[in-house]
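Read the structure below first, then the notes.
Each value in this text was obtained by applying a stated rule to the coordinates, not by laboratory testing. Remember, it's a predicted structure, so these values are computed and weren't measured experimentally. So basically every Cβ, Gly included, is an ideal-geometry build from the backbone, and we count neighbours across all protein chains shown.
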């Protein structure tokens, strides 16, 4: 069991160290000269700079911590936002399902894709003057708070436990008996999110801290509810609460 | 002011506890079970308190997985009749072994006014379903006596356990046979019929067919046995061993059928298929 806690700690470390500004880092230097501006760079230096920037895009800029939500009692994750106005997010989460009356506890892994169509800025920052350097940041992120009324997400969750299978074992009529995968669950969720945008002068660890909730349901619950009027929406819904840290 | 703050905090905490807990689900296959558990034990106690004589009537339903409306219908139908003393469920309470399904199905079956008992089906083993079943209901194999009838509820879905656990459990059968013998020696005709309740019957793909014939040998240790089974989603009475031991299979609940077994004062029984 100890090695599982080690993995969990490493995931945590990844979450906390995730996120760097998406420009050339200070160690990107040629002949001892740091690549901080594009002025007076040779073609070669610009090419190296572009290469650094491209790889820097792979550095996650989101970390999350979630309670419940059908992916574990707690789950920690990291991810990326992208697209126009950062409307799309991909987050990978690692969760823990406690033992309770099962045989053992289990870890889960979730791949989540979210669409955030709208973001509304709320309130001016009275407690810190806007920075001149903030002008490139869109209005909703310059406001003290931003509110995202709808976050649509689709996520797949897999559980690490040998009692489950992706493809049915051969013993079941050569793999054609139950015709579903017990190991992978597909979920659909909708929620909203309120964020505190931290002005540049006040930033210590994060650019934005958000609280979110999410109501979701999964494939097997949905197909159980469809033919039965006695299974209501309230029966199949699941609530998840979370906190998300973000670096613009 | 302080009182007010504490009041607000208390209210928020209470709201979270009352409404949040049900909604804050950890995983479809999590091991938390809310509500009533250990139901086999509780229902056996209730059945004992009924003090049924040598004549009684019970219903047999099976394969209710994912048919909650029909299950609620059968519950109200059996309750309305008023002549059923107890109900036996032949397994497959769930389709995928998900915790939610166990909770939903249990809540349907809790509608029965009379005691009800279950046997585990192959679908209940999927994922971590068998652990939820064990906690919610109890042992896979158990036995009880009503009148001059001995009921033996047995797990027969060997395929799900990879033949690593003895299914069917011959030790259980052996001990039960000895127990019935001792009862009948002490007082002849204490047990006149033995009723085996199982999910899959001999010959099914779920049954351990390596012991197809040994199982028959063991069945013959019991006084006048007959069997009730589900799994095949067909209502039929067959005699797989051609030795007079009849296996009564019942349809899935989707096709709205159940058995009513009437036990007469002379301990003979009558089977009736009821459509609802």
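Choose one answer from B:39, B:47, B:23: the residue with the largest mean-square fluctuation in a GNM of chain B with alpha-carbon springs under 10 Å. Maximum fluctuation in the GNM of chain B, among the listed residues, is at B:23.
Modelled this way, with points 7 Å down the Cα-to-C-beta line, the labels at residue B:45 and residue A:88 are 5.8 nm from one another. Label positions at residue A:194 and residue A:55, each projected 7 Å from the Cα along the C-beta direction, are separated by 4.2 nm.
Taking B:200, B:54, B:62 in turn, the Gaussian network model of chain B (Cα-Cα springs below 10 Å) assigns the largest fluctuation to B:54.
If you take the beta carbon distance between residue B:224 and residue A:229 as r and set R0 to 41 Å, what does 1/(1 + (r/R0)^6) give as a FRET efficiency, to the nearest 0.05? Taking R0 as 41 Å, the efficiency between residue B:224 and residue A:229 is 0.40.
The GNM of chain B, with springs linking C-alpha atoms under 10 angstrom apart, assigns the highest mean-square fluctuation among B:112, B:144, B:58 to B:144.
Look at the stretch A:97-108: the mean tally of other chain Cβ atoms within 10 Å of its residues' Cβ atoms is 6. In this rough spin-label picture, where each label sits 7 Å from Cα along the Cβ direction, the residue B:139-residue B:79 distance is 3.1 nm. Classify chain B as rounded, prolate or oblate from the Cα gyration tensor: take a ≥ b ≥ c as the square roots of its eigenvalues, call it rounded if a/c is under 1.5, otherwise prolate when a/b beats b/c and oblate if not. Because a/c hits 1.5 or more and a/b exceeds b/c, chain B counts as prolate. Over all distinct Cα-Cα pairs of the stretch A:197-248, the Kirkwood formula returns a hydrodynamic radius of 13.8 Å.
If both residues of a DSSP beta bridge must be in the stretch B:36-275, then about 50% of such bridges are antiparallel.
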